[in-house]
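> Quick one: the structure is below, questions incoming.
Readers should treat all values here as calculations from the given coordinates under stated rules, not as data from a laboratory. What you see is a predicted model; the values in this text were computed from it and never measured. FYI the Cβ positions are ideal-geometry reconstructions off the backbone, even for glycines, and counts take in every protein chain you see.
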Amino acid sequence: MRMTGRWARLLAWLLLVGLGTAAPATEPPVVTVADGRLAGIRDGALRVFKNIPYARPPVGEMRWRAPEPPQAWTGIRAATDFGPRCVQPPLPKTSLYYSPIAAMSEDCLTLNVWVPDKAERAPVIVWIHGGSLRIGGSAEPLYDGAAFARRGIVFVSINYRLGVLGWLTHPGLSAESPHNASGNYGLLDQIAALRWVQANAAAFGGDPGNVTIMGESAGALSVTHLLVSSLAEGLFHKAIAQSTNLRAMPELKRAAYGLPPAEATGAALAKEVGAPNLAALRAMDAEALAAAALRARFDARTVLDGWVLPRQLLDVFDAGEQARVPLLTGFTGGEMRAGLITLPPIPADAAAYEAAATARYGKQAPAFLALYPASDLRESMLATLRDGVFGWSSERLVRDYAAAGVPAYLYRFDRCDPASEARDLCAFHASELPYVFGQTGPDAPLPDTWPRLGGSVDAALSDAMIDYWVQFARTGNPNSGGLPRWPAYAEGEGYMRFADQPEPGRDMQPGMFEFHERWFGARRARGENWIDQIGLAPPAEKPQPPSILRAGGEVHEVARGVAIGRVGEGDVEIGRLAEHEEHSPKREAAAAITLQPEIDPHPLDSCRQRRRRHPGEIRRAKIFAELIVEIHGRPSSPSSGFARSGMPSISVSSRPCSGVPER
């Protein structure tokens with residue numbers, strides 16, 4: 001029988017101990033946690049433990065259920081190699097974010113711990129990886145926690161369920177839940193991991209009373225949701241969110257802010273993948289299900305479920321009801337350079353750009369053009385998308401925290417190394433990670449597609465950033481001796497710019513936050529999705545399916561702009577026109593068909609860069625060229641909409657384009 005390296009090392013050590021022979025100086029470190037004993041590895045002065053289960057495998061009947069505590073084991077469990085990633089679709093090798101997947105499994109709820117030698121009540125950081133809630137994993141070489149552990153941090157990295165396995169919402173799942181909720185399983189995994197840290201941090205020399213949650217991109221979004229979830233209360237004491245956003249969440253059972261009810265989306269997905277019930281869904285092979293969900297353009301996202309997340313993020317922050325813990329957050333100057341969101345077609349000239357801005361923003365167009373002038377169209381369009389998603393969100397967070405009297409620190413990462421500059425990738429989305437993790441040398445394990453870093457400037461900036469992050473985790477204030485002082489946001493809108501070196505400043509981008517706050521605030525007040533019409537961009541893609549009919553459901557009532565649909569078991573509201581809109585057969589049928597009546601909903605508009613054919617005809621519910629609709633029948637009266645007996649006959653065909661955002 002061929003023995004793997006980790007088992008050979010563990011067996012050799014056990015034989016030495018069992019025979020009474022003196023163990024060598026390189027004997028594996030052993031730690032006892034609540035569920036049993038673990039044998040890890042040594043990395044210089046560090047102890048490292050990998051693939052530690054923090055929950056039972058979410059397989060079989062446990063698929064789409066809240067995680068349960070892990071089963072205890074007897075003897076010593078090998079903790080020497082990373083466990084598999086959670087099931088996820090592959091990225092093309094040409095993607096900037098491509099990374100080879102050594103192994104993946106539905107049995108993936110594990111974590112890893114890097115421990116300083118002789119740690120005693122050390123600060124703890126829990127790292128939550130990014131990847132649009134559908135890709136990534138804690139075993140990514142870039143996420144090695146050694147640089148933090150060498151500075152006295154107990155560093156923990158975690159896996160959590162991804163894609164359809166982590167974020168599916170479905171009426172049947174809600175019905176079987178004691179909380180009448182579904183979705184957010186990946187977030188529940190993160191909460192379970194934090195509970196495990198509370199129970200076991202002391203075993204590694206960590207302080208369970210000083211835990212910092214830290215994440216980037218979807219990991220930062222997760223951090224932001226943990227700040228507002230009562231289930232995570234008391235499980236952490238500081239938060240670091242790198243490139244987060246404050247987008248609207250779909251609600252469980254009704255359309256809101258231009259998003260369809262999450263249960264309708266999940267039920268339609270089940271129909272589309274050929275699963276007539278939950279038993280059939282749970283019986284599907286995990287990788288086959290993930291692939292089918294990808295083809296159906298399933299959008300993994302958090303949901304307002306009334307249990308894990310009872311309110312929209314902005315509602316919680318407006319009320320000051322978020323976790324009152326010190327916050328460090330920021331974004332990169334070139335967030336959109338890697339194609340995170342497809343840049344719309346650049347207008348032919350400055351006049352066309354200014355005309356498009358006026359058409360979108362009306363009276364606010366002069367303020368928009370002052371921030372994003374026509375002098376460099378591409379750069380202005382990239383900056384508009386960056387600020388509308390990440391810049392506004394970051395500053396909104398620190399403003400709300402500062403207003404609540406909680407320490408908050410803002411940054412912008414602007415380092416443009418020579419290799420990135422040569423590829424027009426200066427400060428692209430996630431480009432701060434090598435600096436934060438101390439991976440800037442020529443042998444750093446960066447993805448093959450990334451620009452290679454090196455040189456004294458990168459090394460010095462990395463050291464500075466790690467020191468700021470570590471000091472923040474230790475005390476809630478990133479400042480210590482030897483580095484430029486990082487002003488809190490409350491100190492005249494203070495922030496830190498990371499370029500060739502740390503550069504403290506005030507009022508990072510004058511007028512940026514105020515402009516987007518006005519624009520998004522007005523849209524939100526009208527019940528519209530706020531982060532979806534930014535700059536000259538077409539409306540953002542929304543979760544598939546675009547039609548309840550496309551998935552085999554039926555619309556059985558449309559009245560006064562509200563469409564009630566049936567997919568499988570139960571009724572769900574699938575569309576609603578705004579109160580002030582004129583009601584007509586065409587508009588109400590569009591509400592029934594699109595599932596997203598409050599915005600331009602169909603993915604063709606964004607992925608094929610369609611332009612509105614008749615901007616004034618249908619304002620929020622709209623029929624596209626590829627969405628052919630036949631409507632027969634008339635409302636029973638001008639004021640009552642469609643009566644049940646007068647339901648129109650609707651047939652739909654659609655040819656949605658393929659592809660999904662990478663990160």
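> Could you work out the relative contact order of the range 344-463? I mean the mean sequence separation of Cα pairs under 8 Å and 6+ apart, divided by the number of residues, in percent.
The value is 14 percent.
> I want to check the label-to-label distance for Ser456 and Thr342. Put each point 7 Å from Cα in the C-beta direction and report it in nm to one decimal.
Placing both labels 7 Å beyond Cα along the Cβ direction yields 4.6 nm.
> How do 107-116, 266-275 rank on mean C-beta neighbours within 10 Å, highest first?
With the highest mean Cβ count within 10 Å placed first, the list reads 107-116, 266-275.
> Using every Cα-Cα pair within the range 189-282, state what percent have a distance larger than 24 Å.
Here the long-distance tail beyond 24 Å is 44 percent of all Cα pairs in the range 189-282.
> Same structure, new question: Mean projection of the alpha-carbon convex hull of the range 62-138 over all orientations, in nm²?
For the range 62-138, the mean projected area of the Cα convex hull comes to 7.8 nm².
> Now, a different point. So for each of 340-351, 508-519, 220-231 I average, over its residues, the number of other beta carbons within 10 Å; can you give me the resulting order with the highest mean first?
By packing density, highest mean first, the sequence is 220-231, 508-519, 340-351.
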